[in-house]
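I have placed the structure first, in the form of structure tokens, so that the comments after it can refer back to it.
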Amino acid sequence: MKKLFKSFVVLIIAMVLCTNAAVAAPLTSQEYINSNGVFLQMVPTVLEGKITLTGETARSLIKIIVIKDETQRWYDVKLEDGKFNEEIWFIDGIGEYQVSVLVHKEGRRYTFGPTVHVQNTVDVNRFLVPTLHVESNNEKIITLAKEITKDSRTDIEKAKSIYDWVTVNIVYDYKKYIRQINNNYDNVYGALNTLETKTGVCYDYAALVAALGRASGLQVKMIKGNFKSTYRNELHAWNEIYISEEDKWITVDSTFGASMQSNYFDNKDFYKNHEKLEEY
């Protein structure tokens, strides 16, 4: 357990354990855990692939952290009139997970609120389900995905329709890019924000492609890597999409497709200037 908390320092987020004991408290007809100003509805101890966290709080900012073995995943929480309802998929395999609500204290410091320990019994395909910043279960994303792919019959047609829509309708956010290269990451990221603002950086483009693809039933990976050129090397993000009728993954870079007005959909020389580092 000590090892888990040490890793918080590496993430540059100071965690402070809440010393208040969590106690069950009735709220309407449901059972809730009440801790650190957050009421969390009790959840089953055995779950199949995902968890739904429902509750309410007077706090202005909370997050969720999901821990399995050495892996930690952070999730933003949308509050509406103090209420929240978040669905999170267990993408790190079968086994025991710790899921905690974190309450913002100051700066980048959070304290623990309600915590539950659950057993996941289903191995989830992470490339088909919603993940951080890939909100493929959002109604706006689902509706748009259906509209974009309504005339598509194959996976390759769906993928191309999504690529074409994103490259035409999303504008690159150069101001956000400048903030990033100046190490200012206090920005809003993700598929839904990109759809609503119609702007984003490479990570946002990739997140939107992934969300629209997964909402259409495609397996889509987010790829972190390097863009390599004669003049510079820098971090970049793109996608890989599984085409079932061809039994292969294709590469898709909607950022370059939009900003360079060149074809970056399954082009054969893709890895001449792309270096893959990580997939998620």
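The values are calculated or read from the model by the stated rules, or taken from the named source; none is laboratory data. Keep in mind that what you see is a predicted model, and the values were worked out from it rather than measured. Here the Cβ positions follow ideal geometry from the backbone for every residue, glycine too, while neighbour counts run over all protein chains shown.
Might you check whether a residue that is surrounded by fewer than 12 Cβ atoms within 10 Å (Cβ to Cβ), in contact (Cβ under 8 Å) with a residue 24 or more places away in the chain and not assigned by TED's automatic domain parsing to the domain that holds residue 205 occurs anywhere in segment 70-84? Yes, because at least one residue in segment 70-84 is surrounded by fewer than 12 Cβ atoms within 10 Å (Cβ to Cβ), in contact (Cβ under 8 Å) with a residue 24 or more places away in the chain and not assigned by TED's automatic domain parsing to the domain that holds residue 205.
Among the residues making up segment 29-62, those that are part of a loop (DSSP other than H, G, I, E, B) and either in contact (Cβ under 8 Å) with a residue 24 or more places away in the chain or not small (Gly, Ala, Ser) (or both) are 36, 37, 42, 43, 44, 45, 48, 49, 58, 59, 60, 61. Out of 103, 116, 66, one residue alone is under 22 Å from residue 34 (Cβ atoms) and under 18 Å from the mean Cα position of the chain (by Cα). It is 66.
Taking residues in segment 167-185 that are in contact (Cβ under 8 Å) with a residue 12 or more places away in the chain, and partners anywhere that are of a type in the set (Phe, Trp, Tyr) and outside any loop (DSSP other than H, G, I, E, B), the pairs with Cβ atoms closer than 7 Å and at least 6 places apart or on different chains are 170/205. Please verify whether residue 113 is of a type in the set (Gly, Ala, Ser), farther than 23 Å from residue 240 by Cα and either surrounded by 14 or more Cβ atoms within 10 Å (Cβ to Cβ) or assigned by TED's automatic domain parsing to the domain that holds residue 39 (or both), treating the condition exactly as stated. Answer is yes for this residue.
For the criterion of being touching a His at 6+ places or on another chain (Cβ under 7 Å) and either buried (at least 18 other Cβ atoms within 10 Å of the Cβ) or of a type in the set (Gly, Ala, Ser) (or both), residue 62 passes. With respect to (1) in a helix (DSSP H, G or I); (2) modelled with pLDDT of 95 or more; (3) among the polar types (S, T, N, Q), the lone exception for residue 137 is condition (1). For segment 157-197, taking the residues that are under 18 Å from the mean Cα position of the chain (by Cα) and surrounded by fewer than 19 Cβ atoms within 10 Å (Cβ to Cβ), the one that is nearest to residue 147 (Cα to Cα) is identified as 196. Taken over segment 226-251, the residue count meeting the criterion of being surrounded by fewer than 17 Cβ atoms within 10 Å (Cβ to Cβ) and either in a strand (DSSP E or B) or of a type in the set (Lys, Arg) (or both) is 7. Residues that are closer than 25 Å to residue 121 by Cβ and at pLDDT below 95 within segment 25-54 comprise 30, 31, 32, listed in sequence order. Evaluation of residue 267 against the conditions (1) closer than 30 Å to residue 90 by Cβ; (2) in contact with a strand residue (DSSP E or B) (Cβ under 9 Å, 6 or more places away or on another chain); (3) outside any strand (DSSP E or B); (4) without any contact (Cβ under 8 Å) to a residue 60 or more places away in the chain shows that the sole unmet condition is (1). Restricting attention to segment 211-225, the residues that are surrounded by fewer than 19 Cβ atoms within 10 Å (Cβ to Cβ) and charged (D, E, K, R) total 1.
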